[in-house]
Amino acid sequence: KLMAELKRAIGSNTLDLHYQPLVDTYNGQFIGAEALIRWPHVEYGLIMPDEFIHIAEKTGVIQALSLWVIRTAVQPLKAWVNINPDFLLSVNVSALNLQDNKFISALHILFEDDLKLANNMILEVTESQMMTDTQHAMKNLWDLSELGFHIAIDDFGTGYSNLAYLTKLPASELKIDKAFILNLENEPQNQVLVATAIQLAHNLGLKVVAEGVESEDTRILLGKLSCDFCQGFHFSRALPLQAFNGLYADNRA
């Protein structure tokens with residue numbers, strides 16, 4: 001029932017995107033944002049993605065949903081790039097998206113009139129999904145990288161995987177899962193793990209984002225550990241577009 005309603009919501013454009021700032025660890029400047037989908041449901045209220053994404057993947061709705069997110073996110077991205085040509089916008093994609101040639105073709109068509117804009121978009125795929133990708137999906141990932149998209153490994157540290165796969169991916173960014181960041185200043189073992197992950201990523205030429213930053217003490221510590229970017233409630237929750245634009249204007253000022 002929900003999936004039938006989700007299809008209608010995509011078709012009628014009644015879903016919503018909220019935006020959470022991506023922040024430079026050292027100077028506090030917003031260098032981008034992550035687009036996060038929300039479903040305002042007339043009966044159940046605001047439904048968060050954790051409650052419907054996995055069902056969308058199982059029923060095939062994920063392709064239309066992911067394209068809706070990217071197509072919707074492109075419009076504000078154009079405005080942000082006019083303000084800051086280096087602005088980066090992250091969107092989450094499913095491994096199932098990467099296995100679908102129609103999805104890849106749709107992205108080519110979506111960006112063919114403004115190909116440079118792909119350079120301002122980060123496609124995030126979780127570590128566990130990366131490990132289960134087929135060779136075909138890996139080829140599509142490289143294709144998107146060559147088109148200009150940045151590729152990020154999301155939720156790093158939760159997959160317990162062989163690190164050798166990092167050298168096979170066209171990734172430019174690694175996002176450390178919030179489970180390692182929450183209360184970081186009081187967890188010496190997590191500090192060691194985060195420091196090691198940051199050093200590893202930098203040695204491979206990757207930028208590092210720490211998710212789940214909820215205090216100034218954590219931000220300061222991450223700066224000492226040479227983490228490039230931060231994201232979390234300390235800076236802002238994910239906000240509707242108009243509210244994010246106001247916050248972004250304040251940050252620029």
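If you go through region 238-253 and keep only what is open to solvent by 70 Å² or more (accessible area, probe 1.4 Å) and in a loop (DSSP other than H, G, I, E, B), you end up with just ALA253. Of all residues in region 82-115, those being under 17 Å from ARG71 (Cβ atoms) and not hydrophobic (A, V, I, L, M, F, W, C) number 11. Of everything in region 102-129, what is part of a loop (DSSP other than H, G, I, E, B) and surrounded by 15 or more Cβ atoms within 10 Å (Cβ to Cβ)? Give them in sequence order. Matches in region 102-129: none. Each residue in region 62-101 was checked for being open to solvent by less than 70 Å² (accessible area, probe 1.4 Å) and not in a helix (DSSP H, G or I), and 11 of them qualify.
Applying the criterion of at least 1 residues that are in contact with a Phe, Trp or Tyr (Cβ under 8 Å, 6 or more places away or on another chain), open to solvent by less than 70 Å² (accessible area, probe 1.4 Å) and under 27 Å from LEU144 (Cβ atoms) to the strands (runs of 3 or more DSSP E) found wholly in region 161-237 leaves 173-176, 207-211.
The values are calculated or read from the model by the stated rules, or taken from the named source; none is laboratory data. From a predicted model like this one, the values you see are computed outputs, not experimental measurements. Neighbour counts are summed over all protein chains in view; Cβ atoms, including those assigned to glycine, are modelled from backbone coordinates with ideal geometry. Keep in mind that these areas ignore ligands, DNA and RNA; they rest on the heavy atoms of the full protein, side chains included. Shrake-Rupley method; radii C 1.70, N 1.55, O 1.52, S 1.80 Å.
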